[in-house]
Structure formats: structure tokens, C-alpha cells
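Take a look at the structure set out below.
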Amino acid sequence: MFWKTDKLGYRNDSFIATPDILLIGDSNIAGGSLSQEETLTHHLKQATGLAVYNLAPADMNTYISFKNEGVFTTPRLIIYSCIERAIPDLPPYDERVR
């Protein structure tokens, strides 16, 4: 099994500040039990030719913080997925994306 992480510690071949598609979620989105070339990120890149960034495991609050700090530009599409058991554990966040 081959794993690679970027400068932020997420499972990507390299950091992308201007993703077309941003994946946010739990270990299922990250591809916890998969090799790098088997991840959803890899398959979406291959199928679409777009810049895909995997921000997982993370929640929307993490994205909002990164967005507000200027780490990412606004993507064309955000795909968010998490197993329902984790929803009650999401921390409150009262800021909006700027």
C-alpha cells in the first residue's frame, strides 16, 4: 500500500491552493484503507482532468478556517461526506465563509 501526503498532511500527491473539486469528509473520503492510486481523489482526477484536492479527514469548519486564512480559493465543487454517527460530534462554528 502506497500513501503520500502533502505539506498540510492530507492525502494528496501535492498541495493545490486552487482546486476545481474539494473533497471534505472522514476516512472513507480520504481512502483510509486504499493505496494512493485507488483513492477517490485519484479517480476523480483521471475521470475529469480537473484539479482535485482531498481535505480529509476534516469537517466544514476546517475548510472555512482554511478558506478564511487564504489557504484555498473557492472551488467549483465541494463534495462532502461523513458517516452519520459522526454528525453529533461536529463542533459549532459561527463564522461564515468570506
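The values are calculated or read from the model by the stated rules, or taken from the named source; none is laboratory data. In this text, all values refer to a predicted model and were calculated from it rather than measured experimentally. Because the Cβ atoms are built from the backbone with ideal geometry, glycine has one as well, and the counts that use them run over all protein chains shown. When the accessible area is computed, the model is the full protein with side chains, heavy atoms only, and any ligands, DNA or RNA have been set aside. Shrake-Rupley method; radii C 1.70, N 1.55, O 1.52, S 1.80 Å.
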If you take the square roots of the eigenvalues of the alpha-carbon gyration tensor of segment 27-81 and sort them as a ≥ b ≥ c, do you get rounded (a/c under 1.5), prolate (a/b over b/c) or oblate?
-> oblate
In Å², rounded to a whole number, the accessible area per residue of segment 1-46 with probe 1.4 Å is 52
Pop out the ³J(HN,Hα) list for segment 60-67 in order, Karplus 6.51 cos²θ - 1.76 cosθ + 1.60 with θ = phi - 60°, rounded to Hz; leave Gly and Pro as x.
-> 5, 4, 4, 4, 4, 4, 4, 5
Judged on accessible area alone, 1.4 Å probe, highest first, LEU55, LEU34 line up as LEU34, LEU55
With a ≥ b ≥ c the root eigenvalues of the C-alpha gyration tensor of segment 11-58, is it rounded (a/c under 1.5), prolate (a/b larger than b/c) or oblate?
-> oblate
What dipole magnitude, in Debye to the nearest 20, does segment 13-78 give about its Cα centre under +1 on Lys/Arg Cβ and -1 on Asp/Glu Cβ?
-> 200
